[in-house]
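Here is the structure we will look at, set down as structure tokens.
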Amino acid sequence: MTGTRPLLLVEDSDADAVALERIARRLPSPLPLVRVRDGESALDYLYQRGTYASAPRPALVLLDLHMPGMGGREVLSRLKADPRLRCLPIIIFSSSKEPLDVEGAYADGANSYLFKPEPGEQLEVAARALQAFWLHAARLPGAEDSTA
Amino acid sequence: MRPSAPELDLSQCDREPIHLLGGVQPHGVLLAFREPDLTVVVVSANAEGLLGLPPESLRGQSVTRVLDADSLRRVRAGPAIGPVWVTAGGRACSALLHTLDSLTVLELELLEDEDATAEEDALSAVHQLVSPLALARGTTALLQAAADGVRGLIGFDRVMVYRFHADWHGEVLAESRSADVDGFLGLHFPATDIPVQARALYTRNPLRLIADVNARPVALVPPTLPDTGHPLDLSGAALRSVSEVHLEYLRNMGVGASFSVSLLKDGALWGLIACHHLSPRHVSAARRQACEVLARLLSLQLSAEERGAEAASRARRADLQGQLVTRLGEGPSLPVALDSHGELLLELTGATGAALLLGDVLDADAQGATGDTPLLFGKTPGEAEVRALAAWLAAEAGRGATFQTERLGALYPPLAARTDVAAGLLAVRLDPEAPRFALWFRPEVSHTVIWAGDPHKPARPEPGQTRLHPRGSFAAWREEVRGASAPWTREDVAAAESFRGALAGMVLRHAAELSRLSRALARSNAELESFSGTVGHDLKEPLRGIQQYTTFFLEDHADSLDPEGREHLQAVGWLARRTQAMLDDLFEYSRLGRLELAWGETEMQELVDEVLGTLSARLEEGRTEVRLPRRLPRVACDAVRIRQVWANLLTNAVKYQPAEPRWVELGFLGPGEPRPAAAHRSDAPYVFFVRDPGIGIPPQFHESIFEMFRRLHPAQAYGGGSGAGLAIARRLVRLHGGDLWVDSAPGQGSTFYFTLGRGPA
């Protein structure tokens, strides 16, 4: 079942992560979230390296663009260049409304781009929509799991 | 002075063969003999009075019949510079001689008692003349000393030093006279006073004595040379008789004797020492010779003085230019700096008016330098006339050329009637590609000099008085020079061209400065961009955090807080939101700097309808009526940006209406429609406006409301907002080449006007 596979949240901002986790917990069917704080950790997680050796494969990646160290764009490019990970849906989750950021992310293979909503209730709307589309409406790769 | 007679055609004067008149003045005897046999070929009819032998008994005889052996030896020694002392017919004479083909022409004058004493007299006369010259300082003093010296030596009533200008009109620069004759000092005389061939003789033969204007000329015997059948050429003869025209004029003037000495500079006629005596008066050959020596020395001295004066003038002009360049460099902008130093600009070329057409070469923002508006100094034609002249010059004068004329009206009829300011034009082109010029103007010359006589006020000659009479030649000449300015000298042109160089240098420096500034600006833009990137992300993150955590805290712990605590926490959240909004606006505003407009034909009405649509909730909530009296026109603009402008203005208009009834009026003033004074700020074809009956804005804030983050009210009043909306809106219309301004008064509501530019460049 899809629900058993978590969303990987790559987010350096504690406030944004906490807000999302808070919303995720409160949703009618809670969103399982795993959070890492930077790009390097995200790659370690996905390649199951170091402390993440036995980490489960996520259903989706929610990727912040502007992070210290390895940025979102670089993480995105690396994943989309790797045939084994290319099919993993990656949703950019950023407060940047710069057209350059949006277009650049899609050019690098992002599967969608969400603006981080303003603090407060809009975040819950976004989280519900995310869940409704990506985890219920959309068919994700690795489908044999989903039919179990 | 050789004024011509009034009743004669001037061109006839120019043609009269004055060197072939065939006679001599009676105060001497002319005798021409052939070498080597010494046969006398021609002799003047008055020979007997001096030589004791009638012409008939001299012709065909040896000249030894009148000259003793010693005198002959001295004569045959060859033409001397000065007179030779001889004994002729047994009497002491001075002899002038020159050769003409195979003839030696001998002119004999009886030595007068005062001259007869010794040859040293001539030397002492020269000394007497030259000594004061050595003491004189400056051209004027030098000429005055010469005039005094000559008068002292020859005892004439009036001695003038007369200088020719480039157009051959003359000016009296120095004068020495007895108390009972009129003064001519400072007067100008037309060029026709001294005809062309007379000037040629003055150049060849620097001395000219007319000892008695009433004396009858003496014929030569025979009148024509047997070999050639032509009269003897008398151009080299001092005794040459005088044109009857000239004699008559001298008589009319009351002049009894006239004497002139040419002043030559570098072989060209520079001027004359012109002498008048009321009664007949002879000047001995020796004294005439002394005057010639003086004239030669004077000429040399004048050359030196003039070279000195030229050097001084060059130095003065260089200094003027230096001052101009320095001052102009100091000024806030070139036009402003020029404005206070226009005098220097005029002095540079000796002009009475100047115009600079700099186009937008310079700071286009500086008042007065924009577009085609010329900068005018002194007396010039009007702005429009100067602009038209520049356009004509650009077509006529060619690229990079210097253009000069003393008769602009003849070449450019539109200014033919403006000889009061622009008879003469000196123009240098500043830009080969555009009609940018430095122009200097001079008025008609008759505006600037005092002419000898006023043709409109004929004066009657009074008995016993010498004065200039009204002359037909003067009137004719005045006609001829009407519309002409004083000529531009080489120095004037050089100064103008060198000013062009300096100006070009200045413009280049200005351009270099602009490019330096623009590099600095690009650098600071890049820095600003990275700064705004930092602001956009790194500062917003913590702000988001503050908002999130205050929200969480309020959600989770509101019940355990007292009302004041809740209020404080809400305030923290509000401040964070507000700060973030300001950051967003700042980011937006800074992005406008690199915005490329997407011009397109836009139905303004549709644009406004869209804006009203998005604002409808707000308008309904505030119960605000929208008034749109007529359909808005179709214009060229960047629709997205202008939509933002309308949205900003509408939001503002709704915001600042505390009480009902609330309304907003949207409209425009079209081409040719009457505009209220407040809308006159721009002459764009359309002026759009947004009007409200709200609280209004005091006049002192009409500009400052357009400054970034400038607010007139507490942040919480009138619905908040960061205070960036108007700054952004103005920047958007200015990007279009238009402007945005407000007309308002407290309690009277506000009208915001905006225009769009002329469309994409």
note = Checking rank on B:291-297, B:406-412, with mean other Cβ inside 10 Å and highest first, the result is B:291-297, B:406-412
task = Take peptides B:275-285, A:83-93, B:672-682 and line them up by average Cβ neighbours within 10 Å, highest first, as a rough protection proxy.
result = B:275-285, A:83-93, B:672-682
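What ratio of Cα Rg to 2.2 N^0.38 Å holds for chain A?
Values: Rg = 14.4 Å, N = 148, 2.2 N^0.38 = 14.7 Å.
Against the empirical 2.2 N^0.38 Å value, I get 0.98 for chain A.
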key: Theoretical gain in end-to-end length, B:L100 to B:E491 [0.36 nm per residue, Cα-Cα removed]   = 136.5 nm
inquiry  = Could you tell me how far the Cα centroid of segment B:202-239 sits from the Cα centroid of segment B:44-115, in Å?
reply    = 16 Å
message = 7 Å from Cα along Cα→Cβ at both B:R630 and B:N214: what's the point-to-point distance in nm?
response = 9.5 nm
task = Calculate, in nm to one decimal, what B:L575 and B:A598 gain on full extension: separation in residues at 0.36 nm each, minus their alpha carbon distance.
result = 4.7 nm
ask   = Hey, how many Å between the Cα centroid of segment B:254-320 and the Cα centroid of segment B:643-658?
value = 86 Å
query = If packing is taken as the mean number of other Cβ atoms within 10 Å per residue, what is the order of A:57-65, B:733-741, B:225-233, B:84-92, highest first?
reply = A:57-65, B:733-741, B:84-92, B:225-233
note = Computed over all unlike Cα pairs, the Kirkwood hydrodynamic radius of segment B:138-214 in Å stands at 13.7 Å
inquiry  = How many angstrom lie between the Cα centre of segment A:102-117 and the Cα centre of segment B:130-186?
reply    = 99 Å
ask   = Rounded to the nearest 0.05, what FRET efficiency do B:E567 and A:S77 have when you use their Cβ-Cβ distance and R0 = 35 Å?
value = 0.15
request  = Compute the Rg to Rh ratio over segment B:205-304 from the alpha carbon atoms, using the Kirkwood formula for Rh, and round to two decimal places.
outcome  = 1.03
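Can you give the average number of partner chain beta-carbon atoms within 10 Å of each beta-carbon in peptide A:90-96, as a whole number?
Going residue by residue through A:90-96 and averaging, the value is 2.
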query = What accessible area, summed over both chains, is buried at the B-A interface (1.4 Å probe, Å², nearest 100)?
reply = 1400 Å²
key: Calculated FRET efficiency for the pair B:F709/A:K97, C-beta based, R₀ 22 Å, to 0.05   = 0.55
message = Give me the inter-chain shielding for B:544-553: mean count of other chain Cβ atoms within 10 Å, whole number please.
response = 5
remark   = Subtracting the Cα-Cα distance of B:A659 and B:D556 from 0.36 nm times their residue separation yields 33.2 nm
task = Give the accessible surface of chain A per residue, rounded to a whole number of Å², with probe radius 1.4 Å and ligands, DNA and RNA excluded.
result = 49 Å²
note = Note: A:11-20 gets an average of partner chain Cβ contacts (10 Å, Cβ to Cβ) equal to 4
task = With only alpha-carbon atoms counted, please give the Rg and Dmax of segment B:177-229, in Å.
result = 17.4, 53
task = In nm, give the distance between the simple-model label positions of B:R681 and B:A526, each being 7 Å from the Cα along the Cα-to-Cβ direction.
result = 3.6 nm
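Ignoring ligands, DNA and RNA, what percent of the 1.4 Å accessible area of segment A:5-148 is carbon and sulfur?
About 54 percent, which is the carbon plus sulfur part of the accessible surface.
The values are calculated or read from the model by the stated rules, or taken from the named source; none is laboratory data. From a predicted model like this one, the values you see are computed outputs, not experimental measurements. Here Cβ is always computed from backbone atoms with ideal geometry, including for glycine, and neighbour counts include all displayed protein chains. SASA here: full protein model, heavy atoms, side chains in, ligands and nucleic acids out. Shrake-Rupley method; radii C 1.70, N 1.55, O 1.52, S 1.80 Å.
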